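The values are calculated or read from the model by the stated rules, or taken from the named source; none is laboratory data. The model shown is predicted, which means the values in this text are computed figures rather than measured ones. Counting neighbours? That spans all protein chains shown, and the Cβs are built from the backbone with ideal geometry, glycine included.
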Amino acid sequence: MSYRLVLGADMKEQTKLLIIQTSGLKTPERIPAGFFIATTAAAMNMDATIVFTVNGATIVEKKAAEKITVKEGGTTLKSFLDQAIAAGVKLMVCHQSLDLHDLEPDNLIDEVEEIIGAAALLDMTLEADIILTF
């Protein structure tokens with residue numbers, strides 16, 4: 001197995017990473033990968049954004065991530081959120097997903113920077129250099 005290391009200094013201007021998080025609290029095993037990648041990207045000086053849509057919106061509901069672990073006895077999802085936030089990852093939520101889960105903007109963690117609609121998400125996909133979904 002070989003590994004490739006890419007250093008932030010070798011990248012053009014600032015690479016834009018967009019992670020579309022559709023998995024939510026009912027499938028916690030699908031959540032950490034997006035946070036690991038976004039946090040690493042931010043540490044490599046990339047512009048990293050996670051958009052929570054569909055069931056992903058449940059992750060950024062206040063106090064929800066504190067209650068869920070990926071595996072029994074493991075760390076909570078809040079620790080993954082905290083690491084991403086500390087690294088400078090931007091967090092956004094799809095407006096329609098809030099409606100889907102009967103969530104109000106006041107029910108979201110303070111670190112959510114923006115609530116966006118479908119047109120804004122499509123614009124973000126056109127501007128991103130890398131798009132991943134989880």
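Taking region 61-99 only, how many residues are hydroxyl-bearing (Ser, Thr, Tyr) and in contact (Cβ under 8 Å) with a residue 12 or more places away in the chain?
The total comes to 2.
Would you pick out the residues in region 71-98 that are of a type in the set (Ser, Thr, Tyr) and either closer than 17 Å to LYS26 by Cα or touching a strand residue (DSSP E or B) at 6+ places or on another chain (Cβ under 8 Å) (or both)? Walk me through it before giving the result.
Start the filter on region 71-98 by keeping residues that are of a type in the set (Ser, Thr, Tyr), which leaves 75-76, 79, 97.
Across region 71-98, the qualifying residues are THR75, THR76, SER97.
Are there any pairs with C-beta distances below 7 angstrom linking a residue in region 41-56 that is under 10 Å from GLY88 (Cβ atoms) to a residue that is at pLDDT below 95 and among the polar types (S, T, N, Q), with the two at least 6 apart or on different chains, and if so which?
What qualifies is ASN45/GLN14; MET46/GLN14; ASP47/GLN14.
Among what's in region 71-108 and is assigned to a loop (DSSP other than H, G, I, E, B) and under 13 Å from the mean Cα position of the chain (by Cα), pick the residue that is surrounded by the most Cβ atoms within 10 Å (Cβ to Cβ). Spell out the reasoning first.
From region 71-108, those assigned to a loop (DSSP other than H, G, I, E, B) are 71-75, 88-89, 101-104; that's our starting set.
Among the residues that remain, those that are also under 13 Å from the mean Cα position of the chain (by Cα) are: 88-89.
Numbers: GLY88: 15, VAL89: 26.
My answer is VAL89.
What single numbered condition from (1) over 25 Å from GLU29 (Cβ atoms); (2) surrounded by 13 or more Cβ atoms within 10 Å (Cβ to Cβ); (3) without any contact (Cβ under 8 Å) to a residue 12 or more places away in the chain; (4) not charged (D, E, K, R) fails to hold for LEU126?
Status for LEU126: all satisfied but (2).
Within the bounds of region 43-54, is there any residue that is assigned to a helix (DSSP H, G or I) and at pLDDT 95 or above? Walk me through how you get there before you give the answer.
Start the filter on region 43-54 by keeping residues that are assigned to a helix (DSSP H, G or I), which leaves 43, 54.
This time we only want the ones that are at pLDDT 95 or above, so: 43, 54.
Yes, region 43-54 has at least one match.
If you check THR58 against the conditions, is it touching a helix residue (DSSP H, G or I) at 6+ places or on another chain (Cβ under 9 Å) and surrounded by fewer than 17 Cβ atoms within 10 Å (Cβ to Cβ)?
Numbers: touching a helix residue (DSSP H, G or I) at 6+ places or on another chain (Cβ under 9 Å): yes; surrounded by fewer than 17 Cβ atoms within 10 Å (Cβ to Cβ): no.
Against the criterion (touching a helix residue (DSSP H, G or I) at 6+ places or on another chain (Cβ under 9 Å) and surrounded by fewer than 17 Cβ atoms within 10 Å (Cβ to Cβ)), THR58 does not qualify.
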